[in-house]
Amino acid sequence: RANGTLQDRLVKAMRLEGISSIEEANAFLPGYLVRHNARFARPAFDSRDLHRPLAPHDDLREIMVWREQRSVTAALTLHYNKAMFILEPTEIARKLVRKRVMVCEYPDGRLEIQHECHVLPYRQFDKMRQVKQPAIVDNRHLDAALQLAKQIQAIAPHHRQRNNNAPARRDQPSHLFPEPEAPVKIDGRRLGGPKLKRGPRLSRAELQARGTLEFVKAR
């Protein structure tokens, strides 16, 4: 409730004081908090500290984690957040075909796949980093086509965004799901290599000597 009051009242109070910078706001806060607490603070009904220490069986590492269940396919793969995870063919993993496993994403960015307290090793294949195969064509300018496909994939990846219900990862520098790169403007004039230079125009006699005069249409 105090945060809700401050989010509205504090902003208006700073506007009335003409505050428009972080330095001015930091200098204004101490005096404002004294006046705010004098008006709104109320003594606690029970002043005792009722926080309890952690029990021996309490494990914060296993509590503060995002968990989702996924099914394992016959190829020992599962899908989570627009990415495919390939389980290593261990003795435990081979028995999990068509069964459910738990995907655990920790606040520090680590991701584990668990089944009955066993951590399963895996490899990751990110669908958002995949280059579209139809964009790779077989023609005389294959190098330009590959470069164009790479740039198009950076702008419009296979999947544009991750799942909306996944945890926020803005404060995780080492998580497994990087955001797509910023769009890059494609200059089609620079693709395909340098243009062929046009040679000098041949005369009628030179065309006749080469035997190509019959293919030239009269204007």
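The values are calculated or read from the model by the stated rules, or taken from the named source; none is laboratory data. The model shown is predicted, which means the values in this text are computed figures rather than measured ones. Glycine also receives a Cβ, built like all others from the backbone with ideal geometry; neighbour counts cover every protein chain displayed. Note: areas computed on protein heavy atoms with side chains; ligands, DNA, RNA excluded. Shrake-Rupley method; radii C 1.70, N 1.55, O 1.52, S 1.80 Å.
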**Study point:** Odd one out for Asn37, checked against (1) within 34 Å of the chain's Cα centre (by Cα); (2) at pLDDT below 90; (3) not in a loop (DSSP other than H, G, I, E, B)
**Key:** (1)
Point to revise | Residue satisfying condition, being open to solvent by less than 80 Å² (accessible area, probe 1.4 Å), small (Gly, Ala, Ser) and on the phi > 0 side of the Ramachandran plot, within set Gly18, Gly31 | key: Gly18
Exercise for review: Might you check whether a residue that is of a type in the set (Val, Ile, Thr), assigned to a strand (DSSP E or B), touching a strand residue (DSSP E or B) at 6+ places or on another chain (Cβ under 8 Å) and farther than 30 Å from Arg1 by Cα occurs anywhere in segment 112-132?
Suggested key: yes
**Study point:** All positions within segment 34-45 that are in contact with a Ser or Thr (Cβ under 9 Å, 6 or more places away or on another chain) and open to solvent by 70 Å² or more (accessible area, probe 1.4 Å)
**Key:** Phe40
